[in-house]
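Have a look at the structure below before the remarks.
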Amino acid sequence: MKKSKKIAIACAIALIIFSLFLWWLTGKWMDEGLEPAADGTNDYVIVLGARVKKDSLSLSLQYRLDATLQYANEYPHVTIILSGGQGPDEPISEAEAMRRFLTENGIAEERLILEAASTSTYENILFSKKLLPSEISSITIITSDYHLARARKIAASLGLESDGVSAKTPKVVAAKLTVRERIALVKTYIVGK
C-alpha cells in the first residue's frame, strides 16, 4: 500500500473518530442543559420565540407556548418576557404571536413583557436582559428541549444564571433541528454567541 493511501485512510479514521466524539459531546451538553429544571424560584421567565406561519404558530412555537402556559399557571407570581422579532416571512413578531396566544388562554397582560427586536438566540437573551430589573441575575428560560443548553450557555456568558423549562420538539423536524443545534452549540462554546 502506498504511503499516501495509508495517510488518507488514517486521516479518514481520525475524522470519523473525532466526529463521533463531537456527536457524543454535544449530546452530553444538550442533556446537561435540561438541568436544573425550573421550580418557580426565579421571578422572571424568558420564552424564546420560533417561527410564526402566515395563519398559525409553527409546531415548535406551539409547544414552547404550551410549556409556558402550564408553567405560568403553576407559578402565577412569575413575569414573562416573550422574546422574538419578526422575520421577513412572518406576518407579526414572534413576541406578539406569543402574547396573543397567552392572553387568549387566560394569562394576564400585565404579566407579559414583549421583546420584539431579536433575530437570534443570542439577541433573544441579550435584549431580554435589558428588560430585566437591574437586581435580577437569575432567570428561567423556556424553549425547546434541544435548544435549552445553548440558550443557557449564552445566558451564562451574559452574566445570567438560569434554570429551564424544556418544551418537546416536533417529531417531524427533530432530526434536522438536533443536527443543526449540535453545530450551533459547538460554535457557542467557541465564540460565546
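FYI, it's all coordinate maths here, none of it is from the lab. All values reported here derive from a predicted model rather than from experimental measurement. Note that we place each Cβ from the backbone using ideal geometry, even for glycine, and neighbour counts take in every protein chain shown.
Assigning unit charges at the beta carbon (Lys, Arg +1; Asp, Glu -1) and nothing else, what dipole magnitude in debye, to the nearest 20, does the stretch 33-191 show about its Cα centre?
Details: 18 positive and 20 negative charges, 155 e Å.
Approximately 740 debye in magnitude.
Quick one: which residues, 5 or more positions from Ile139 or on another chain, have an amide H under 5 Å from its amide H? H modelled 1.01 Å from N in the peptide plane, none for Pro or chain starts.
Glu161, Ser162, Asp163
Report the percentage of all Cα-Cα pairs in the chain whose separation exceeds 21 Å, rounded to a whole percent. Kindly include the intermediate steps, with their values, before the conclusion.
Working: 9669 of 18528 pairs.
That fraction is 52 percent.
Quote to one decimal, in nm, the extra length available between Leu22 and Thr119 on full extension: 0.36 nm per residue of separation minus the C-alpha distance between them. Walk me through the numbers on the way to the answer.
On the way: separation 97, 0.36 × 97 = 34.92 nm, distance 2.71 nm.
Going from the current span to full extension adds 32.2 nm.
How high is the FRET efficiency between Ile136 and Asp31 when r is their beta carbon distance and R₀ equals 30 Å, given to the nearest 0.05? Let's see the in-between values first.
Details: r = 27 Å, r/R0 = 0.91.
For R0 = 30 Å, the calculated efficiency reads 0.65.
Between Thr41 and Ala10, with labels modelled 7 Å along Cα→Cβ, what's the label distance in nm to one decimal, could you check?
5.0
Please name which of Ala14, Ala72, Gly159 has its Cα lying farthest along the dipole of the chain towards the positive end, using unit charges on Cβ (Lys, Arg +1; Asp, Glu -1) and the Cα centre as origin.
The one lying farthest along the dipole's positive direction is Ala14.
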